[in-house]
1. Give me the percent of accessible area attributable to carbon and sulfur for the chain, probe 1.4 angstrom.
2. Assuming R0 = 30 Å, can you tell me the calculated FRET efficiency for the pair Lys67 and Asn206, based on Cβ-Cβ distance, to the nearest 0.05?
3. For Leu3, put the label point 7 Å out on the Cα→Cβ axis and report which residues of region 216-241 keep their amide N under 18 Å from it.
4. Quick one: how many Å² of His157 are accessible to a 1.4 Å probe, rounded to 10?
5. DSSP loop trypsin sites (Lys or Arg not before Pro) in region 397-451 with at most 16 other Cβ atoms within 10 Å of their Cβ, which ones?
6. What is the Cα radius of gyration of region 49-155 over 2.2 N^0.38 Å, N being its residue count?
7. Please give, to one decimal in nm, the separation of the simple spin-label points placed at Glu121 and Tyr334, each 7 Å out from Cα toward the Cβ.
8. Given a cut-off of 29 Å, what percent of all Cα-Cα pairs of the chain lie beyond it?
Amino acid sequence: MNLRGGRLQKKMDEEAAKFTSSLESDHHIFYADIKCNIAHTRMLAREGIIDEKTAHKIIKVLEELGKEGIKALKLDPSVEDIHMAIEEYVTEKIGEEAGFMHTGKSRNDQVATDLRLALKEKIREIQKELLNFIKVLVRMAEDHKETIMVGYTHLQHAQVTTFAHHLLAYAHAFKRDYERLKDTYKRVDVNPLGSAALTTTSFPINRKLTTRLLGFSDYMENSMDAVSSRDFIAETIFDLSMIAANLSRICEEMILWSTYEFRLIELADEFSSTSSIMPQKKNPDVAEIARARTSNLYSNLMSVLGILKGLPYTYNRDLQEITPHLWDALGTCYDMICIVRRMLSTVKVNSERGFELAVSNFATATDLADAIVMEKKIPFRTAHQIVGRLINHVIKEGLSLLDVNSSLVDKVSEEIIGEKLELDDDIIRRALDPHENVKRRNVPGGPSPRMVEASLKKLEAYVKDELESLK
Ligand code: ARG
């Protein structure tokens, strides 16, 4: 039996039906809707609300539909949405008895339940991909614990680090993204079913039972909240947007580092494009597209927040317009994680260039100041002044870091504190050596190969445990 012919006598205008239908994106909740209907019907029978035999017939048809797939459904806009299409399918198979499956249920609680069911799986998929990404970063970092590079602040040479340390910075951002999704999952994993249209139902339904049958951790406490809230979608899309932002920053670095000016890395041919006119070109298009696509996710997030802000309680059809943004965001983010991971894993690192940059622009200067403090017990601020002036002098005279020796340091220190420091040349040499710089940063979180190794091991164990927990 159709929804029409009761209150409404006429068929819906064709254009209006098309305009308001959600069928285009409802395929995402096809299986979830079958699951939801089966659980609800089973519960109705178990509580004696509908006949056991009727329930059995309905469930059998629903299970068959699940096996046949969505292609078995008649999906034209006149059926409005997947919920009605499935109900009509069951009606076609067993007749009017199918109508019992909608007892004490509304499409309002049904769609909210379906969305949460489908989203739970999608979140798990993204979580797995994030862990795989961290795995790749850890593997790459293993090979680059001693690969020197400059770390930047303000995009100016700052201090020396290693490529491994930098890769682990990415890894930790993804670890937080992973944990954020894990936390969001808890709020997705609650069951709205039983809320019906908005105030539950006069039938003595068993919400605990459907919650268990559907594998939710609990049911939603307030039925009006259950049918009108979509904050779980906004939150998920924020999480995805943050992942994309982190991916985009990596892409930005890959683009920058593969320039002739940096020459720090080379992207694989498989992840590059060339020009139709300039034969010499090797362009980082994958990274560029990923960088740009990040803003599609932000658009999804803004649209969802925009739809939500003006809605009176409880269900409004506006909520339907939120859903496509969720599927869109999940798809975009998933593709981005996979492609950026694959692109990054093929990157060739130019370690000579990394070292060259580390010694050519005073990135080791902090350690000379530190050495002065340690050796001469003078305040850091004073040492900072001496080294700053020293570098100013070196630049003006067209000298290099290799020309810095004890007598040059003394010349400057006499200017500033009126006395010589008489530092050992060897101490100066070691202070300015990039490898020594990195080794000395043997502080938790730092780039010394020992600390990086410890960090790697921790991450490795974390990924292993979490992958296990997702099985
Ligand atoms: N397609 C609808 C949605 O996604 C299902 C719920 C329809 N409910 C209603 N009262 N029209 O929100």
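The values are calculated or read from the model by the stated rules, or taken from the named source; none is laboratory data. Since the model is a prediction, treat every value here as computed from it, not as a measurement. Backbone-built Cβ (ideal geometry, glycine too); neighbour counts: all protein chains shown. Just the protein is used for accessible areas: all its heavy atoms, side chains included, with ligands, DNA and RNA removed. Shrake-Rupley method; radii C 1.70, N 1.55, O 1.52, S 1.80 Å.
1. Numbers: 12340 of 23920 Å².
The value for the chain is 52 percent carbon and sulfur by accessible area.
2. Values: r = 27 Å, r/R0 = 0.91.
Once the sixth-power term is evaluated, E becomes 0.65.
3. Only 227-228 fall inside the zone, counting backbone N under 18 Å.
4. 50
5. Working: sites: Lys411, Lys420, Arg429, Arg430, Lys439, Arg440, Arg441, Arg450; in loops: Lys420, Arg441.
Here the trypsin sites (Lys or Arg not before Pro) that fit, given the DSSP loop and packing criteria, are Lys420.
6. Values: Rg = 24.5 Å, N = 107, 2.2 N^0.38 = 13.0 Å.
Relative to the rule-of-thumb radius for its length, region 49-155 sits at 1.89.
7. Spacing of the two 7 Å Cα→Cβ label points: 0.9 nm.
8. 62
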